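Reading through the structure tokens given below for one structure.
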Amino acid sequence: MAKKVDRIGKILGATRQFSIKTRAAGPLDLVQLREEINERLESRGGRPSDPEWALRRVIPLKRSSWNFLREKSGELQVNPGHLAAIILERGIESFKRRRHGAKSRKPLAAD
């Protein structure tokens, strides 16, 4: 990978090369996530849920991922499974935007 970066830098005439770190999650991300949870989950006499969720599936997770979800769900006062679903949906939408962003700038249709 480093050789490829060096080659690309040389072709582009770069005088310096450095790695760009990804943005770390911070407190504002948790605030936004809490707002999304409050907007999406509705109680209809039982445990709050998103009325748009039509499917329930079992998915494999590493123990460390489940522990993270349990910890954050306690902070956000939500079920760990609901938190997992919201995070998964956010990731899928982000993936779709990246894949379709170069092809089209039109908003993605809802499924």
Name the pairs whose Cβ atoms lie under 8 Å apart, with the first residue in region 73-94 and touching a residue at least 24 places away in the same chain (Cβ under 8 Å), the second assigned to a helix (DSSP H, G or I) and β-branched (Val, Ile, Thr), and 6 or more positions between them or separate chains? Leu76/Ile37; Val78/Ile37; His82/Ile37; Leu83/Ile37; Ile86/Ile37
Filter region 53-97 down to the residues that are of a type in the set (Phe, Trp, Tyr) and not in a loop (DSSP other than H, G, I, E, B), then identify the one that is modelled with the lowest pLDDT. Phe95
Going through region 1-32 in order, the residues found to be among the aliphatic types (A, V, I, L, M) and either part of a loop (DSSP other than H, G, I, E, B) or modelled with pLDDT of 90 or more (or both) are Met1, Ala14, Ile20, Ala24, Ala25
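The values are calculated or read from the model by the stated rules, or taken from the named source; none is laboratory data. This is a predicted model, so every value here is computed, not measured. Cβ coordinates were reconstructed from backbone atoms using ideal geometry, including for glycine residues, and neighbour counts include every protein chain displayed.
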